[in-house]
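The values are calculated or read from the model by the stated rules, or taken from the named source; none is laboratory data. Because the structure is a prediction, the values reported are computed rather than measured. Ligands, DNA and RNA are stripped out before the accessible areas are found, and what is left, the full protein with its side chains, is counted by its heavy atoms. Shrake-Rupley method; radii C 1.70, N 1.55, O 1.52, S 1.80 Å.
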Amino acid sequence: LTEVYSSSPALGHYFRSAQVISFSNESSTVIYQLVFSVPPSTEGFIENSMNPDFIRNILRQNIYDED
């Protein structure tokens, strides 16, 4: 995750860290926390770039690109 988000053209500048919060071997589930440092109140930045769907799609695109 660190490599994916730190190299992202859209979010790399704001990405600070990724940390695994919980991991389950039984269900192959990982809960992680992403930390970003965002600029103060930039018009539309939070609504667009920090949108959970946008952040998830960056990871999804990286996975597709590897296949």
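Would you mind telling me the share, in percent, of accessible area of the chain contributed by carbon and sulfur at probe 1.4 angstrom? Ligands and nucleic acids excluded, carbon and sulfur reach 49 percent.
So what is the 222 nm mean residue ellipticity for the chain from helices alone, if each DSSP H run of at least 4 adds -39500 (n - 2.57) and you divide by all residues, rounding to the nearest 500 deg cm²/dmol? Walk me through the numbers before you get to the answer.
On the way: 3 runs with 24 residues, N = 67.
After summing the helix terms and dividing by the residues of the chain, the value is -9500 deg cm²/dmol.
When only the heavy atoms of the protein chains count and the probe is 1.4 Å, how do Ile58, Ile21 rank by accessible area, highest first? Provide the component values of the computation, followed by the final result.
On the way: Ile58 30, Ile21 100 Å².
From most accessible down to least: Ile21, Ile58.
For the chain, report the accessible area per residue in Å² (1.4 Å probe, heavy atoms, rounded to an integer). Numbers along the way, then the final one.
On the way: 5130 Å² over 67 residues.
Counting only protein heavy atoms, the per-residue value for the chain is 77 Å².
Evaluated at q = 0.24, 0.28 Å⁻¹, the base-10 log of the normalised Debye intensity for the chain, with identical point scatterers placed on the Cα atoms, takes the values -1.15, -1.33. Going by accessible surface with a 1.4 Å probe and the largest first, Ser27, Ser49 read Ser27, Ser49. Taking the longest Cα principal axis of the chain as reference, the axis of helix 52-66 is set at about 60 degrees.
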